[in-house]
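Below is one structure; the comments refer to it alone.
The values are calculated or read from the model by the stated rules, or taken from the named source; none is laboratory data. Everything numeric here is computed off the predicted structure, so don't read it as measured data. Here the Cβ is made from the backbone with ideal geometry for all residues, glycine too, and neighbour counts use every protein chain on show. Protein only, heavy atoms only, side chains kept; ligands, DNA and RNA dropped before computing areas. Shrake-Rupley method; radii C 1.70, N 1.55, O 1.52, S 1.80 Å.
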Amino acid sequence: MWRAVALTLFPEMFPGPLGASLAGKALTEGVWSLEAVDIRRFAMDRHGTVDDAPFGGGVGMVMKPDVLSAAIAAVVRSPDMAAVPKVLLSPRGAPFTQARGRELAAGPGVVLVCGRFEGVDERVIEAHALEEISVGDFVLSGGEIAALAVMDCCVRLLPGVMGEPLSASEESFEDGLLEYPHYTRPASWIGPDGTERRVPEVLVSGHHGKVADWRRTQREEITRRRRPDLWARRRTAKVNEEK
Ligand code: SAH
């Protein structure tokens, strides 16, 4: 069973949206497990203090190293958690990718440390060799939503979670390309602007080869137009392959 452990000041945020739909069903069926550990339980004083003012001054508060470290240590102490990657959600982390999600999903699970306030004391990151992961170039108020995003990406890749296992290989990012456009019935649809929109003819042609070609071209065009960064990386990868 794939194990996710979230260390958080807000355990009530879990499983949250992951209790519904495919992830929720897989959770109930025991395909994966989720444990939310309340960091405040490890506070050292009777007020339950978990944060303090930053050395050097400045705004906001910082999560205390002693309390957070005790929480992490309690989780990784169990032998079955020793080999599990330990992640800190952080806007300055490495951008999370489908590739990293696939690696994590193939392993035993993940420990996700959710920051709050201005973040965590740097020494905890060092001492526990936390891998810093960002879910995008924007700032959330805490790591919980980022942790849920990482878990969701991993869980849907676990065997038996998605109805159609093949569909993952054609998905956005799996091969460095974004997805082609989707269409379903009705073949002709009149939208709110009164315009009739028909699905591309090739998709109703029944010609599988032509459909595959069309989808490929669409993926390449969309990627080139919307994500020149992905497109450039793909070109570089290809050139290196040919060398
Ligand atoms: N002072 C920090 C922001 C702190 S936000 C800075 O300027 O970078 C509080 C917490 O939310 C962080 O510790 C982190 O755990 C989480 N968080 C915020 N944005 C995130 C993002 N883009 N990816 C992952 N975690 C994020």
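Quick notes on this structure:
- Reduced Cα scattering model of the stretch 88-174, Debye log10 I(q)/I(0), q = 0.13, 0.16, 0.20 Å⁻¹: -0.46, -0.66, -0.94
- Report note on the peptides 83-89, 134-140: ranked by the mean count of other C-beta atoms within 10 Å, highest first, their order is 83-89, 134-140.
- Across every pair of non-identical alpha carbons in the chain, the mean reciprocal distance, once inverted, gives a Kirkwood radius of 20.9 Å.
- Its alpha carbons give the stretch 204-243 an Rg and a Dmax of 13.2, 40 Å.
- Per residue, the convex hull volume that the Cα atoms of the stretch 170-242 enclose (Å³): 111 Å³
- Segment residue 205-residue 77, extension gain: residue separation times 0.36 nm, minus the distance between their alpha carbons: 40.2 nm
- Relative contact order of the chain, defined on C-alpha pairs under 8 angstrom at six or more residues apart (%): 18 percent
- Ligands, DNA and RNA are left out, and with a 1.4 angstrom probe the accessible area of the chain is 59 Å² per residue.
- Annotation: lysines with alpha-carbon distance below 29 angstrom to residue 64 (same-chain offsets under eight excluded): 86.
- Ranking 68, 10, 162 by Cα position along the charge dipole of the chain, where only Lys, Arg, Asp and Glu carry charges on their C-beta atoms, puts 162 farthest toward the positive end.
- Apportionment of accessible area to carbon and sulfur, the chain, percent (1.4 Å): 55 percent
- Computed log10 I(q)/I(0) for the stretch 65-137 at 0.19, 0.27 Å⁻¹: -0.80, -1.35, from the Debye equation with unit scatterers placed on every C-alpha and solvent omitted.
- Calculated [θ] (222 nm, deg cm²/dmol) that DSSP helices of n ≥ 4 give over the chain, each run adding -39,500 (n - 2.57): -10000 deg cm²/dmol
- Helical segments meeting 15 Å axial Cα length and Kyte-Doolittle -1.0 threshold in the chain (DSSP H): 65-76, 144-155
- Label sites at residue 241 and residue 212, each approximated as a point 7 angstrom past Cα along Cα to Cβ, lie 1.6 nm apart.
- Its Cα gyration tensor gives the stretch 1-95 an equivalent ellipsoid. The semi-axes, each the square root of 5 times an eigenvalue, are 28, 16, 14 Å from largest down.
- By a 1.4 Å probe calculation restricted to protein chains, residue 214 has an accessible surface near 50 Å², given to the nearest 10.
- Reducing the stretch 78-115 and the stretch 152-229 to their Cα centroids gives an inter-centroid distance of 29 Å.
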